[in-house]
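Worksheet: one structure, shown below.
Bear in mind that the values in this text are calculations on the coordinates, not laboratory data. Because the structure is a prediction, the values reported are computed rather than measured. Virtual Cβ from ideal backbone geometry, glycine too; neighbours counted across all protein chains shown.
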Amino acid sequence: MDASMNEDWQDNARMIVESARAVVPADGALSRVRKARFNGLGFDPKVMQQAAELGWPLMWIGEEAGGLGLGLRETCALMEVLGRGLVPEPVLSTMMAGALLQEALPETVMTGEAVILTAWQDATGALTWQGGAEAGHLTGPKVNLRGAAGADLFAIVTGAGLAIVPRSAEGLNIETAETLDGGTMDRLHMTGVAADFLPCTQVDTVLQDATLAHSAYLLGLADRALEITLDYLRVRKQFDRPIGSFQALQHRATEMKIQLELTRAAIAATARRFDTGADVATRAAGAARCKLRAADLAMLVSREAVQMHGAMGITDEADIGLFVRKAMTEANLFGSPRQQRRLLATRLDQEEAA
């Protein structure tokens, strides 16, 4: 890749990050996020409209089809900012729908008049997506959607193809459960839902892209949670000394910082490989490694933040408590650390057997 291409993506990333300030305050204030919690949807539809106006759902759609034509480096830069701000809106799910549908994306979605979410996962604890179609209809579950009650349309991924279905479709029911962070984790139950199936050969690619993007969200979350924790260590005193001066806590903070920077480097390198034409095996392994690192990092920082803050670290009143709850909710999406380890171990066994 030549220097001009490298400069282009960096300029694009800067513009995307600047656009995120319309949603994520520069001062890190979480007042909007607090208002969106436990409101039935778990997010603000007006913010989803803002996201559409900024072009975020169209990031992975080529310019020839009316999209932004951006890559994973720009996407990860955006998702990191959204993670730092604990943005609850299902922006990534709309990006996935856009990438899967491309030119078939409804005009209402492109203008922000409708919210479309991607429903792909067949069962919790599995990363399969081929289920959901039978005899030309949609049947069965799709799980682990965020904010399904606020969606207007669903892009439902099946082995028979991709179907666009309105929330009001006959035979489609939404089961909603509140999560610790104030949002929802939803399940679609489909019984003979009529649907037209569109051909879609890019499901695995889009899922790998989304897994990497979600890793960047977790990185941003962990980065901001660590900043809040370090600030607390500087002001909280015991024995007339800031507790941040205690060597044991310094060592633990250093370990978190090291893991954070290793995760940042892994995501950046993997995003570059994705953008410059990595092969299928490299993409799959790269997405799994980054997701494993990012999920482990988010939970490490969360555990240490609670330990260093004491009991206030898990309260609603303290901002750090919101980060801990969000990490617990998001860490297992797109595959838990256990699933990613199993995936990587299987690939290693296959390579050794080859």
Original post:
Say R0 is 45 Å: what FRET efficiency, to the nearest 0.05, do Glu352 and Thr176 get from their beta-carbon distance?
Top reply: 0.55
Original post:
Going by how many other beta carbons lie within 10 Å of each one, how would you line up Phe334, Phe246, fewest first?
Top reply: Phe246, Phe334
**OP:** Once you have the Cα-Cα distance between Gln250 and Glu64, take 0.36 nm times their residue separation minus that, and quote the gain in nm to one decimal.
**Re:** 61.8 nm
Subject >> Selection from Gly220, Ala155, Cys200 lying farthest towards where the dipole of segment 131-237 points positive, charges on Cβ >> reply: Gly220
Subject >> Euclidean distance of C-alpha centroids, segment 57-112 and segment 258-311, integer Å >> reply: 21
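Under unit Cβ charges (Lys, Arg +1; Asp, Glu -1), what dipole magnitude, rounded to 20 debye, does the chain have relative to its Cα centre?
Details: 34 positive and 44 negative charges, 304 e Å.
In debye, rounded to 20, the chain gives about 1460.
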**OP:** Could you tell me how many degrees, from 0 to 90 and to the nearest 10, lie between the Cα long axis of helix 91-101 and the main elongation axis, the longest principal axis, of the Cα atoms of the chain?
**Re:** 30
Subject >> Normalised convex hull volume, segment 203-353, alpha-carbon set, Å³ per residue >> reply: 112
**OP:** Would you mind checking the pairs Lys35/Lys326; Lys291/Lys326; Lys46/Lys142 and listing those with alpha carbons more than 21 angstrom apart?
**Re:** Lys46/Lys142
Original post:
Please state the relative contact order of segment 3-194 as a whole percent: Cα pairs under 8 Å, 6+ residues apart?
Top reply: 20
Subject >> the chain - share of DSSP beta bridges that are antiparallel (%, nearest 5) >> reply: 85
Original post:
Using the alpha-carbon atoms, what tilt in degrees (0 to 90, nearest 10) does helix 203-235 show relative to the longest principal axis of the chain?
Top reply: 20
Subject >> Low-density loop positions, GluC sites (Glu not before Pro), segment 146-245 - DSSP coil, at most 15 other Cβ in 10 Å >> reply: Glu170
Original post:
For segment 339-349, what does the Karplus curve 6.51 cos²θ - 1.76 cosθ + 1.60, with θ = phi - 60°, yield as ³J(HN,Hα) per residue in whole Hz, taken in order and with x for Gly and Pro?
Top reply: 5, 5, 5, 5, 4, 5, 5, 4, 5, 5, 4
**OP:** Could you calculate the FRET efficiency of Ala149 with Ala29 from 1/(1 + (r/R0)^6), where r is the beta carbon distance between them and R0 is 25 Å, rounded to 0.05?
**Re:** 0.45
Subject >> DSSP-loop chymotrypsin sites (Phe, Trp or Tyr not before Pro) across segment 1-93, with at most 14 other Cβ within 10 angstrom >> reply: Phe38
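Let's see if you can work this out: charge +1 on each Lys and Arg Cβ, -1 on each Asp and Glu Cβ, no other charges. What is the dipole magnitude of segment 3-194 about its Cα centre, in debye to the nearest 20?
Rounded to the nearest 20 debye, it is 660 debye.
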